[in-house]
């Protein structure tokens, strides 16, 4: 057991730290966070810099443009970028979900075609899984794809699709065989978002911001071979995607929570931080952060030793989401009635108001807390299935 | 970064687990808990022979034994001897069951020690207790019946006692009082590891029950109102375990974060163990509320651990000071 960096890891960390300082705008790490709208041009520019410096796809196989490094390097990357609040790569869905699934299921041609522009941020991906009638119940997807000559013709509607409004490609779960059983009738398409018949409508959320989208498909024609796996493999391919979403998530969640705890400490210091009840609650958030961090480390160590993430990893997203909800509410409570302001005159221009409202989505997106508790109860603890 | 026990440490865990399964089934633990002594003093030799008191063991090995012995609810003063006394022991106390009175200072006079120290773990079970005197020294006292007052304790497998000294002969130890800082850090880390063992047993009991018990024609584990609480036990267990192992490692390496690590781990793991037992009792329904069922014994150990050397809020105050009051904030 040893939590310290190896000499190679330490060198990588130092180099990254130096690069971040040199590359981020002056004073970036110490700025007061604000709820400012996501800046696409800035993010694209930052993505390019990350890519040119070799920090994208650190753990991906070298043959597809990755760095071939162990998972700890991605962990160090996320820790260091969180510490200074560096922006994300624009291809969050591509790097976390589409890319790993293409690596696992794609043909050589698909890998060569899709992975390099994905890493470079030249092509942005979105996810078409949830539908108005099937959220947690992915196998209930009703978006249809019917073969017409050498093309699939897609009709249906997807929802909660982040980045769809700027996406070039979509990983899309469709029903190709309505006669087959629920799971066996699904297939997994790679769909050009610029194709005729694709329409993206932003969805305004509880925060008032349009972060997610509805995506409508009307007679969208997709080449027959633009599929991962065979017709009917859709469920298994989608499980690969979700496994990666949940598997690589631990570090990202730890990094996000670390940033949030640092913000909370900054806010508390600004407002005095002398109330013992508040201090107790802030300490609890810090402890919850460390619990997430070290649980993720344990899961990762199991992954490195056995090739399978440890079962404790299943708690990461559940714990993170509920912690982030408590933390952001605590941050509002430090502001008294001023917590109700969300524009001019609000603390940090309304950063916490946005964060608190946004946090309600955390226990819904990427597996609701109810689904995650089912998974823990049934697949980890071994209780009988509830349905 | 490597967050796993070594192969040797896992072998130790397996041997500890085998021994406890073999020798300390629930039935025997309950019988011992209900006995006057509260344990079987003749079993001490077995622990010594198995090397559980071997000075070559480090804190990570102690962490493994603490977790497993709490899982079995081993009634023996191993925790007091290893988690509390071990950094203070010399040749003469070697392999003896010993406890430490952290809760008071007695006065040293030429004819012995005088004063009371309350709430000492396992006091009636150990041969010696180490106390601090007002001459800034540590002393070992023999626990003869005339200086020990046993207190009825909810956790009958780890009873507390009061030491009453009146010009009692004592042997001055050649260890500085400052060693108590190390004693406390180790004790907090190992209390957290014990809490992990307790929570694991609570999970196993809850899982076994909810997999088989039927109501309304179905196994109750299929009801999400039940199964989600079992999932929450798993969550609390895993989070506590991560912190407890981190704390044990940090203390063993004298890491700069050791003090906040042990406070974080002690608070979270012991509160997690209490929650685990409460949810397990609830999942068992009426049977979980009976004296016959073993669960209440784990619940009482969990609460004992939660109360030992400061409830969670006292430890969160330590953490709060570290992250809010110092310049180079701990992150």
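The values are calculated or read from the model by the stated rules, or taken from the named source; none is laboratory data. Just so we're clear, the structure is a prediction, and the values are computed from it rather than from any experiment. In this analysis, Cβ positions are derived from the backbone assuming ideal geometry, glycine residues included, and neighbour counts consider all displayed protein chains.
Here is the figure for the range B:129-157: residues that are farther than 18 Å from residue B:107 by Cα and in contact with a strand residue (DSSP E or B) (Cβ under 6 Å, 6 or more places away or on another chain) total 4. Restricted to the range A:214-235, and to residues there that are in contact with a helix residue (DSSP H, G or I) (Cβ under 9 Å, 6 or more places away or on another chain) and surrounded by fewer than 22 Cβ atoms within 10 Å (Cβ to Cβ), the residue that is nearest to the other protein chains (Cβ to nearest Cβ) is A:235. Are any of the residues in the range B:212-221 crowded, with 17+ Cβ neighbours inside 10 Å, assigned to a helix (DSSP H, G or I) and within 14 Å of chain A (Cβ to nearest Cβ)? Yes: one or more hits. Considering A:273, A:238, the condition of being farther than 22 Å from residue B:247 by Cβ, more than 11 Å from every other protein chain (Cβ to nearest Cβ) and touching a helix residue (DSSP H, G or I) at 6+ places or on another chain (Cβ under 7 Å) is satisfied by A:238 alone. Mind listing whichever residues of the range A:360-387 are crowded, with 21+ Cβ neighbours inside 10 Å, without any contact (Cβ under 8 Å) to a residue 40 or more places away in the chain and assigned to a helix (DSSP H, G or I)? Within the range A:360-387, A:374, A:377 meet the criteria. Any idea which residue in the range B:89-107 is nearest to residue B:41 (Cα to Cα), counting only those that are crowded, with 16+ Cβ neighbours inside 10 Å and in contact (Cβ under 8 Å) with a residue 60 or more places away in the chain? The qualifying residue nearest to residue B:41 (Cα to Cα) is B:100. Scanning the range B:222-252 for residues that are farther than 22 Å from residue B:312 by Cβ and more than 8 Å from chain A (Cβ to nearest Cβ) yields a total of 3. If you filter the range A:277-297 down to residues that are more than 16 Å from residue B:267 (Cα to Cα) and more than 7 Å from chain B (Cβ to nearest Cβ), you find that the one that is surrounded by the fewest Cβ atoms within 10 Å (Cβ to Cβ) is A:278. If you scan the range A:19-46, which residues turn out to be in contact (Cβ under 8 Å) with a residue 60 or more places away in the chain and farther than 19 Å from residue A:259 by Cβ? Listed by number, the residues that qualify are A:40, A:44. Checking B:292, B:314, B:309 one by one, the residue that is surrounded by fewer than 24 Cβ atoms within 10 Å (Cβ to Cβ) and either in a helix (DSSP H, G or I) or at the interface with chain A (Cβ under 9 Å from one of its Cβ atoms) (or both) is B:314 and no other. Screening A:115, A:119 for residues that are crowded, with 23+ Cβ neighbours inside 10 Å, within 16 Å of the chain's Cα centre (by Cα) and more than 21 Å from residue A:215 (Cα to Cα) leaves exactly one candidate, A:119. What residue, among those in the range A:87-126 that are closer than 13 Å to residue A:252 by Cβ and in a loop (DSSP other than H, G, I, E, B), is modelled with the lowest pLDDT? Out of the qualifying residues, it is A:88.
Just name the residue that is nearest to residue A:300 (Cα to Cα) out of those in the range A:334-358 that are outside any loop (DSSP other than H, G, I, E, B) and without any contact (Cβ under 8 Å) to a residue 24 or more places away in the chain. Of everything passing the filter in the range A:334-358, A:339 is nearest to residue A:300 (Cα to Cα).
Quick grid of which residues meet (1) surrounded by fewer than 23 Cβ atoms within 10 Å (Cβ to Cβ); (2) in a loop (DSSP other than H, G, I, E, B):
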{"residue": "A:160", "(1), (2)": "no, yes"}
{"residue": "A:165", "(1), (2)": "yes, no"}
{"residue": "A:171", "(1), (2)": "no, no"}
{"residue": "A:174", "(1), (2)": "no, no"}
{"residue": "A:196", "(1), (2)": "yes, yes"}
{"residue": "A:201", "(1), (2)": "yes, no"}
{"residue": "A:208", "(1), (2)": "yes, yes"}
{"residue": "A:212", "(1), (2)": "yes, no"}
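Do the conditions hold for residue B:84, that is, is it part of a helix (DSSP H, G or I), buried (at least 17 other Cβ atoms within 10 Å of the Cβ) and away from every other protein chain (no Cβ under 14 Å)? Give the derivation first.
Numbers: part of a helix (DSSP H, G or I): yes; buried (at least 17 other Cβ atoms within 10 Å of the Cβ): yes; away from every other protein chain (no Cβ under 14 Å): yes.
When the stated conditions are applied, residue B:84 passes them.
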